[in-house]
Amino acid sequence: MSVEENWFNERHDYSGSSIGFRVKQLLHAEKTPFQSIEIYDTTDWGKLMVIDGCTMVTTRDNFLYHEMMAHPALFTHPRAKRVVIIGGGDCGTLREVLKHDEVESAVQVEIDERVTRLAEKYFPELCESNSDPRAQLLFIDGIKWMAECEGETLDIVIVDSTDPIGPAEGLFNEAFYHCCLKALRPGGILVQQSESPLAHLPLLKTIRNAMKAAGFHAVRTLTFPQPCYPTGWWSSTLARKGVDLSTFRERGAAAKQFSTRYYNAEMHKAALAMPEFLKEALGE
Ligand code: SAM
């Protein structure tokens with residue numbers, strides 16, 4: 001990561017590329033017990049949150065990621081009452097989940113309270129549902145929380161995590177996915193942010209294999225644009241307990257009673273389509 005001549009650059013050595021934003025000023029920087037967090041004001045992308053040198057959210061494009069982490073799973077499950085978000089401290093995924101009336105409880109399990117406190121200050125629009133009576137914000141390690149979760153009590157688990165290094169490392173393996181499987185009711189869905197199909201293909205394969213090895217019946221990867229992450233193209237991987245993932249509630253999505261900026265039934269269908277190289281690499 002570097003800031004030169006008012007440009008913040010996230011260098012991605014692994015793929016030999018970088019992503020950059022022109023910044024007006026650094027608004028905040030701190031080191032928490034878990035990671036370093038910076039907030040910038042940019043010239044064109046609103047506020048920018050950076051954790052350990054990696055872009056997390058910008059005001060301008062976070063809707064793509066947050067909507068695609070929440071709505072495909074919620075419009076696949078017939079009626080998700082209990083949803084848990086692991087990570088997601090900026091609260092954008094929580095806001096999208098709570099747009100669904102069928103959700104009776106949404107728990108966000110974020111390890112670092114400072115991420116949420118800074119989101120409240122610099123991204124208030126993402127935190128607008130935090131006071132919803134159905135929302136619960138916990139600040140503990142999601143790995144521990146999931147290991148201790150009572151069996152068959154959840155409908156959807158969304159892993160909205162940082163990259164698999166540091167505190168998030170243990171959120172990407174078979175042992176963690178097994179805990180998620182146990183905590184989900186039959187038909188329940190696990191959603192994992194699964195990085196860039198172009199830059200992180202080996203990791204994407206590892207995630208999918210670990211989900212299958214943990215005992216999930218069906219696994220499906222969706223792709224969508226995300227300008228602020230390496231390569232500008234991102235993915236989420238859904239895994240389902242005991243039921244397949246071949247269909248979603250297309251009519252429900254087409255008649256959704258809330259507003260979104262990216263997600264709709266057509267975009268959901270499009271996200272399920274798989275490019276040739278990915279089909280080949282993932283054996284689909
Ligand atoms: N998906 C976004 C990205 O890839 O840039 C990340 C958004 S969100 C800010 C990621 C959050 O995951 C961070 O706030 C981080 O503190 C949290 N996190 C990392 N490891 C965690 C763990 N073991 N338990 C709970 N939260 C964790």
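The values are calculated or read from the model by the stated rules, or taken from the named source; none is laboratory data. Predicted, not measured: the structure shown is a model, and the values here were computed from it. All Cβ positions, even for glycine, are placed from backbone atoms using ideal geometry, and neighbour counts span all protein chains on display. Accessible surface is based on the protein model in full, side chains and every heavy atom, while ligands, DNA and RNA are left aside. Shrake-Rupley method; radii C 1.70, N 1.55, O 1.52, S 1.80 Å.
Summary table
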| quantity | calculated |
| --- | --- |
| Built amide H within the under 5 Å cut-off of Arg249, gap 5+ | Thr76 |
| Space enclosed by the convex hull of the alpha-carbon atoms of the range 31-101, per residue, Å³ | 94 |
| Relative contact order (percent, whole number), the chain, Cα cutoff 8 Å, 6+ residue spacing | 16 |
| Solvent exposure of the range 196-284 as accessible area per residue, Å², 1.4 Å probe | 47 |
| When the convex hull of its Cα atoms is projected in every direction, mean area for the range 2-58 (nm²) | 4.0 |
| Cα centroid separation, the range 37-105 to the range 1-30 (Å) | 22 |
| Accessible carbon and sulfur surface of the chain relative to its total accessible area, %, 1.4 Å | 50 |
| Nearest-20 debye value, the range 1-145 charge dipole, Cβ charges on Lys, Arg, Asp, Glu | 280 |
| Farthest positive-ward along the chain dipole, Cα basis, beta-carbon charges - from Ala106, Ile86, Thr153 | Thr153 |
| Kirkwood-Stokes translational diffusion coefficient of the chain, alpha-carbon pairs, 25 °C, 0.890 mPa s, µm²/s | 130 |
| Magnitude of the charge dipole, the chain, Cβ model with Lys/Arg +1 and Asp/Glu -1, debye to 20 | 780 |
| Per residue, in Å², the accessible surface of the range 18-176 once ligands and nucleic acids are set aside, probe 1.4 Å | 38 |
| Total charge dipole magnitude, the range 2-58, about the Cα centre, Cβ charges on Lys, Arg, Asp, Glu only, Debye to nearest 20 | 100 |
| Positive dipole terminus of the range 62-282, leading residue within Gly215, Pro133, Thr162 (C-beta point charges) | Gly215 |
| Beta bridge orientation in the chain: antiparallel %, DSSP, nearest 5 | 65 |
| Sites Asn6 and Arg261 - FRET efficiency at Förster radius 41 Å, r taken between beta-carbons, to 0.05 | 0.90 |
